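Below is one structure, written out as structure tokens; the observations come after it.
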Amino acid sequence: MNYLSKELAEEIVERTMSIIRHNINMMDENGVIIASGDRSRIGDEHAGAKDALAAEKVISITPEECSALTGTKPGVNLPIVFHDEIIGVIGITGPPSEVSRYGELVKMAAELTVEQAFLTKQLTWDQRLREETVIQMIQGTDLASLDFFERAERLNIPLDGQRTCLVFELPSADMKPAFIKKLEKHLTAKDLYANISLKEVAVILAGAPTKSRSDLFSAWNGWLSQWKTVRGALGEQADQLQQLPFSYQSAKQTLKIAENNCSLYDYREFAIPVLLSKIEHPDQEIHFQNIWDRLSQADQKGELTHTLLCYIEENGEIGETSSRLFIHRNTLNYRLRKIELATGCNPKRFDDLFKLYTAITLFSPFCANEQFKYRIKGRNPYT
């Protein structure tokens, strides 16, 4: 593995020369100069570095010795060791009697820089692997494979226990770095997340035995309130690994169906619209198409449909619905009777109300892309 890249060598040269007033050369494992304060020397072989590599020790070159060595100037050349392996040589140009005092300090600084770069790269790689594992979990791909289990174990990702997917939709990719930064601070050590696309972030929340779903929703709804333009949806709880794909898809579908107001939505408040949205050919549902056709013919201005939507949202409560619509109870009952006469479905009967609801979900212009836009009133569903 190449631990000493050209870019890293240049960084070491730049940092070191900002501290000591001598030219610094960085040579690779073959003794070739890959970075230097004297850029004209880059690409040259350095005989002193080759000697240091061969001897595995510090090599000092005096002015008198320079004439016998190719591509060298007076100075000190020190092997750079990482993971018990010599990966290159750092050279300080100048009379050995003058620059030797910097030798061990410069060597140590270079080795620390290499180690820091390695750890940073390792963290980046681990994060990439972690995200790929999260994506694999929510897509349900090869979850029984040995490779998946070994990777999850190496990354310390627990595969048992309850989990719930949370999906965020950002208005633009520009705000993602700031969003991710705050998200990471809010997540617990057992939570996971992945960048699904430029504008989508998926989170897998670890189940907390002492935390109810209402508490979970309230906590994330409060956190999301700081982002005025981000939408989110909480999926169904997954009791086992194989259920995570549904948890993720339920959150995704909820976001598609919910109104475009920036808020957090709960799949359980949208479970029926999400289910009905999966009907691939609604035009083949002739019974519900006929119900909608009859309702729409009797409702040219949309008043009856709007009344029915409010009636559904208010759980069939006559008083609550009439108050919300600012109409008398008798007016509401009159409209519900008109709906029954037009469609043959009595809204006061549960099975008929569900038929009306289904017809509206599949065919109403209140839908977006033929999916019902459930009109919640910006409230926490658990209050």
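General observations
- Unmet requirement for Glu285, which otherwise passes all of (1) farther than 15 Å from Ser364 by Cα; (2) touching a residue at least 40 places away in the same chain (Cβ under 8 Å); (3) of a type in the set (D, E, K, R): (1)
Conditions (1) assigned to a helix (DSSP H, G or I); (2) in the same structural domain as Thr229 (by TED's automatic domain parsing), marked per residue:
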| position | (1), (2) |
| --- | --- |
| Cys262 | no, yes |
| Asp293 | yes, no |
| Ser296 | yes, no |
| Gln300 | no, no |
| Thr307 | yes, no |
| Ile312 | yes, no |
| Asn315 | no, no |
| Ala342 | yes, no |
| Leu353 | yes, no |
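- Matching entry among Asn221, Asn260 (being modelled with pLDDT of 90 or more and surrounded by fewer than 21 Cβ atoms within 10 Å (Cβ to Cβ)): Asn221
- From Met17, Met26, residue being buried (at least 21 other Cβ atoms within 10 Å of the Cβ), of a type outside the set (S, T, N, Q) and in the same structural domain as Val99 (by TED's automatic domain parsing): Met26
- The residues of segment 133-157 that are surrounded by 13 or more Cβ atoms within 10 Å (Cβ to Cβ) and closer than 17 Å to Val203 by Cα, listed by number, are Thr133, Val134, Ile135, Gln136, Met137, Ile138, Gln139, Gly140, Ala152, Leu155, Ile157.
- Any hit, segment 192-213, residues being part of a helix (DSSP H, G or I), touching a Leu at 6+ places or on another chain (Cβ under 7 Å), surrounded by 18 or more Cβ atoms within 10 Å (Cβ to Cβ) and among the aromatic types (Phe, Trp, Tyr): no
For (1) among the hydroxyl-bearing types (Ser, Thr, Tyr); (2) free of Cβ contacts under 8 Å to residues at least 60 places away in the same chain; (3) not in a strand (DSSP E or B), each residue gets a yes or a no:
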{"residue": "Asp215", "(1), (2), (3)": "no, yes, yes"}
{"residue": "Lys228", "(1), (2), (3)": "no, yes, yes"}
{"residue": "Ala233", "(1), (2), (3)": "no, no, no"}
{"residue": "Phe246", "(1), (2), (3)": "no, yes, yes"}
{"residue": "Arg268", "(1), (2), (3)": "no, no, yes"}
{"residue": "Pro273", "(1), (2), (3)": "no, no, yes"}
{"residue": "Leu276", "(1), (2), (3)": "no, no, yes"}
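- Which numbered condition Phe246 fails, given (1) surrounded by fewer than 20 Cβ atoms within 10 Å (Cβ to Cβ); (2) among the aromatic types (Phe, Trp, Tyr); (3) over 30 Å from Ser145 (Cβ atoms): (3)
The values are calculated or read from the model by the stated rules, or taken from the named source; none is laboratory data. Note that the structure is predicted; figures quoted are calculated from it, not measured. So basically every Cβ, Gly included, is an ideal-geometry build from the backbone, and we count neighbours across all protein chains shown.
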